[in-house]
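Novice: Here it is, the structure, as structure tokens.
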Amino acid sequence: MTRLDIISIFPEYFAPLDVSLIGKARERGILDVRTHQLRDWAHDVHKTVDDTPYGGGPGMVMKPEVWGEALDDVIGDGAPRMIVPTPSGRPFTQELAQELAAEPWLLFACGRYEGIDSRVMAEYGTRLRVDEVSIGDYVLAGGEVAVLVMVEAIGRLLPGVLGNAHSAVDDSFAPGAMRNLLEGPVYTKPPVWRGHEVPAVLLSGHHGKVARWRRDEALRRTVANRPELAAAIDPATLDKHDRRLLDELSFRLPPEDVAH
Ligand code: JFH
């Protein structure tokens, strides 16, 4: 069973982990999620967790002593992998989600204000694997929502969390998961809805044509929405049909490597 500890001044943020995929995984004994109120480790009557930043500047910084006591108690004699959300961290990717899903114990430290005194990461980095992680290039008000995002992405990768019908290994077989391609559009019944028809090829039963059409749509979307991903496609992985489509989209492929 994977254990997840989450320390925050807003443990109520994690109520969604009681429902849906993660809630079911917990009921089924696949996941053990423990949330902790950081203020329980504060020393004063006001339960202070923040102070003014050294060197000046706006906002407040979370005090190291409170974090140290909380982390020592939660960690005990163990050695979880520690994840600290921050806008300046390494990117959270599907690859990192897969790596973290293989760990038996994860500890998430949620900062607020302008973040946590950096000596906390330095101290626990001498004892644990500590990663400062960013879920994207925008600034949240704290680490809680980033942890919800990461727990959902990691949780769906745990064995037994998804049913076999849509298992997470399917991710790597879908047309989009050829890593530099986005997913194309998806459809279900009815075949016509408010005058919008499902593309006829999907009703044709012709598996080869369906696969080709899905790849075309994946290429179109990638060029339109993520040109930097399209530019990273290895030209050697593209067939004649792909090249013709990209040409129609006026997409310039990087030059092929030429041996000499
Ligand atoms: C978090 C916050 C830092 C400082 C210029 C840009 C940022 C506000 C804890 C993660 C992602 C987060 C995130 C994670 C944890 C915390 C708010 C931090 C600054 C200087 C301002 C506090 C934000 N991917 N986005 N946001 N904050 N500024």
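The values are calculated or read from the model by the stated rules, or taken from the named source; none is laboratory data. All figures in this text were calculated on a predicted structure; none of them were measured in a lab. Here Cβ is always computed from backbone atoms with ideal geometry, including for glycine, and neighbour counts include all displayed protein chains. Side chains included, ligands, DNA and RNA excluded: accessible areas come from the protein's heavy atoms. Shrake-Rupley method; radii C 1.70, N 1.55, O 1.52, S 1.80 Å.
Novice: Identify, from the list Arg112, Arg156, the residue that is surrounded by 17 or more Cβ atoms within 10 Å (Cβ to Cβ), within 8 Å of the ligand (Cβ to nearest atom) and not polar (S, T, N, Q). It would help to see each step written out before you state the result.
Specialist: On the way: Arg156 fails: within 8 Å of the ligand (Cβ to nearest atom).
So the residue among Arg112, Arg156 that is surrounded by 17 or more Cβ atoms within 10 Å (Cβ to Cβ), within 8 Å of the ligand (Cβ to nearest atom) and not polar (S, T, N, Q) is Arg112.
Novice: So the check is Cβ under 6 Å with 6+ separation or different chains; which pairs have a first residue in region 43-58 that's of a type in the set (D, E, K, R) and a second one that's part of a loop (DSSP other than H, G, I, E, B)?
Specialist: So the pair list comes out as Asp50/Met60; Asp50/Tyr113; Asp51/Lys63.
Novice: Kindly indicate whether Asp44 is away from the ligand (no atom under 16 Å from the Cβ) and open to solvent by less than 40 Å² (accessible area, probe 1.4 Å). Before the answer, list the steps.
Specialist: Details: away from the ligand (no atom under 16 Å from the Cβ): yes; open to solvent by less than 40 Å² (accessible area, probe 1.4 Å): no.
For Asp44, the condition - away from the ligand (no atom under 16 Å from the Cβ) and open to solvent by less than 40 Å² (accessible area, probe 1.4 Å) - is not met.
Novice: Select from region 70-98 the residues that are loosely packed, with under 12 Cβ neighbours inside 10 Å and within 15 Å of the chain's Cα centre (by Cα) and write down the one among them that is farthest from the ligand (Cβ to nearest atom).
Specialist: Step by step, filter region 70-98, then rank; the result is Glu95.
Novice: What are the residue pairs meeting all of these: first residue in region 113-126, first residue of a type in the set (D, E, K, R), second residue within 12 Å of the ligand (Cβ to nearest atom), Cβ atoms under 7 Å, and 6 or more apart or on different chains?
Specialist: Glu114/Pro53; Glu114/Gly59; Glu114/Met60; Glu114/Val61; Asp117/Val61; Asp117/Met62
Novice: Also: Going through Val133, Val149 one at a time, which residue ends up being open to solvent by 20 Å² or more (accessible area, probe 1.4 Å), within 16 Å of the ligand (Cβ to nearest atom), within 23 Å of Met62 (Cα to Cα) and aliphatic (A, V, I, L, M)?
Specialist: From the options Val133, Val149, the qualifying one is Val149.
Novice: Against the conditions (1) open to solvent by 40 Å² or more (accessible area, probe 1.4 Å); (2) out of contact with any strand residue (DSSP E or B) (no Cβ under 6 Å at 6 or more places or on another chain); (3) within 14 Å of Gly115 (Cα to Cα), where does Gly55 fall short? Just the number, please.
Specialist: Gly55 satisfies every listed condition except (3).
Novice: May I pose another question? Output the residues belonging to region 220-260 that are part of a loop (DSSP other than H, G, I, E, B), aliphatic (A, V, I, L, M) and more than 23 Å from the chain's Cα centre (by Cα). Break it down into steps so the answer makes sense when it comes.
Specialist: Within region 220-260, the subset part of a loop (DSSP other than H, G, I, E, B) is 226, 232-234, 238-239, 249-260.
Subsequent filtering for residues that are aliphatic (A, V, I, L, M) retains 232-233, 238, 249, 253, 258-259.
Those that are part of a loop (DSSP other than H, G, I, E, B), aliphatic (A, V, I, L, M) and more than 23 Å from the chain's Cα centre (by Cα): Leu238, Leu249, Leu253, Val258, Ala259.
Novice: Go through region 84-104 and give me each residue that's touching a residue at least 40 places away in the same chain (Cβ under 8 Å) and either closer than 22 Å to Gly142 by Cβ or among the hydroxyl-bearing types (Ser, Thr, Tyr) (or both).
Specialist: First, the residues of region 84-104 that are touching a residue at least 40 places away in the same chain (Cβ under 8 Å): 84-92, 94, 97-98, 100-101, 103-104.
Once the filter is applied, which keeps residues that are touching a residue at least 40 places away in the same chain (Cβ under 8 Å) and either closer than 22 Å to Gly142 by Cβ or among the hydroxyl-bearing types (Ser, Thr, Tyr) (or both), region 84-104 yields Val84, Pro85, Thr86, Pro87, Ser88, Gly89, Arg90, Pro91, Phe92, Ala97, Leu100.
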